[in-house]
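Working notes for the structure below.
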Amino acid sequence: MEPLSSQKTTSKWKNWITITIIALYFPYLLLYLVEVRHQILYLLEGVPAILAVLILLKFGNFSRQDLLLRWKHISRAGVFLLFIVIVSYGVIGLYGIFRGFFPYSFFIIGPLSAITQELYFRGSLQTIFEKNLNFSRHKSNIFQCLFFIGWHLRLYLETDTPMGTLALILGFGYFGLIWGYQSRKDGTLLYVLLIHTIGLMGHSLFVWILPF
């Protein structure tokens, strides 16, 4: 049996790991808020997410499997959820106006942003809620989704109408919950990462006009 003092040390270390992963949310949010004026910061956006993964692997006693960084065949539920997301992309596309092709946004910014979001929100944050805070799977998904919604603050500030802001919040909540659920059903981030990447690459091609 592990000595009580050792158990306390382990518990304190786990708490510090949890606090650190959650705290990385704030520089991640800040980088997203200011990147519109400083494009080079797009490349720095991934730093908090990569740090979160490295901290959990090196110091948090997590494996790549724990963080869903592995290859697995997609689940039946995953196929269904991918279909829902693709249909949703099509509906959203009805309100887009083509603005042109920008290689930097399409090939670098879109994929980089999708990868770092999945590494942080679904890979690291949701895992911390499940493993270190002992939240249920559904509760962990809801909490990571709330952080995911909040991270898009810059887009809400750029929206002209309250209804537009509400639509964005509901939209990010919708996708955040689906991707959190699918990543757990599949046991890998691979498929949500791919569909998220496709979505952001497509997003770079359009300006979105909300119907209200």
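The numbers here are math on the coordinates, done by the rules we state, and not lab data. The model shown is predicted, which means the values in this text are computed figures rather than measured ones. Ideal geometry is used to build each Cβ from the backbone, glycine not excepted, and the neighbour counts take in all protein chains shown.
Worth pointing out:
- For the chain: lysine pairs under 28 Å (alpha-carbon distance), excluding those fewer than 8 apart on one chain: 20
- Inter-label distance for residue 58 and residue 88, nm, one decimal - labels placed 7 Å from Cα along Cα-to-Cβ: 3.5
- Counting 0.36 nm for each residue step from residue 146 to residue 158 and taking away their Cα separation leaves a gain of 2.4 nm.
- At an R0 of 30 angstrom, the distance between the Cβ atoms of residue 198 and residue 167 translates into a FRET efficiency of 0.90.
- For the range 68-131: rounded, prolate or oblate by the Cα gyration tensor [a/c cutoff 1.5]: oblate
- Each residue of the range 73-88 is assigned a 3J(HN,Hα), and the resulting list reads 5, 5, 7, 4, 4, x, 4, 4, 5, 4, 4, 4, 5, 4, 4, 4 Hz, derived from the Karplus form 6.51 cos²θ - 1.76 cosθ + 1.60 (θ = phi - 60°), x at Gly and Pro.
- Virtual spin-label span in nm between residue 34 and residue 108, 7 Å along Cα→Cβ: 1.9
- Directionally averaged projected area (convex hull, Cα atoms, the chain), nm²: 12.9
- In percent, rounded to a whole number, the relative contact order of the chain is 32, using alpha-carbon pairs under 8 Å and six or more apart.
- Simple Cβ-charge dipole of the range 72-212, Lys/Arg +1 and Asp/Glu -1, about Cα centre, in debye nearest 20: 440
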